[in-house]
1. With r defined as the distance between the Cβ atoms of L61 and E27 and R0 fixed at 35 Å, what FRET efficiency is calculated, to the nearest 0.05?
2. Any idea what % of Cα-Cα pairs in the chain are farther than 14 Å?
3. As I understand it, the value is the acute angle between the Cα axis of helix 46-69 and the longest principal axis of the Cα atoms of the chain; what does it come to in degrees, rounded to 10?
4. Could you do me a favour and compute the accessible area per residue for the chain, 1.4 Å probe, result in Å²?
5. Quickly estimate the mean residue ellipticity at 222 nm for the chain, helices only: each DSSP H run with n ≥ 4 gives -39500 (n - 2.57), and the total goes over all residues, rounded to 500.
6. Taking only Cα atoms, what is the 0 to 90° angle, nearest 10, from helix 7-23's long axis to the longest principal axis of the chain?
7. So if we plug the beta-carbon distance of A13 and L50 into 1/(1 + (r/R0)^6) with R0 = 22 Å, what FRET efficiency do we get, rounded to 0.05?
8. Carbon-plus-sulfur fraction of the accessible area of the chain, 1.4 Å probe, in percent?
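The values are calculated or read from the model by the stated rules, or taken from the named source; none is laboratory data. None of the values given here were measured: they were computed from a predicted structure. Every residue, glycine as well, gets a Cβ built from its backbone with ideal geometry; the counts of neighbours run over all protein chains shown. With ligands, DNA and RNA removed, areas are computed over all heavy atoms of the protein, side chains included. Shrake-Rupley method; radii C 1.70, N 1.55, O 1.52, S 1.80 Å.
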Amino acid sequence: MNVNISVHMVFVAIHILSAVLTVIPQEGASKACRLGYKALCSFTPWGTLLLLALAGLHFYLHRKSLARQN
């Protein structure tokens, strides 16, 4: 089985996983996030939106590179 995984798709997975991790409540966090609870990232939801935007950018670049190959 030969699986060809693009670098862009790896970054999409990393950014989405990071976005999910930023919104999970964390008891040991030092500061409360913008939503009012202690989360892994004190910039939640802005950090989450930025990570999702980066994932979208990498997905767009992946699709663009696939179109260029064909």
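1. Working: r = 37 Å, r/R0 = 1.06.
Once the sixth-power term is evaluated, E becomes 0.40.
2. 63
3. 0
4. Details: 5460 Å² over 70 residues.
Ligands and nucleic acids excluded, the result is 78 Å² per residue.
5. -20000 deg cm²/dmol
6. 20
7. 0.85
8. Working: 3600 of 5460 Å².
Solvent-exposed carbon and sulfur of the chain make up 66 percent of the total.
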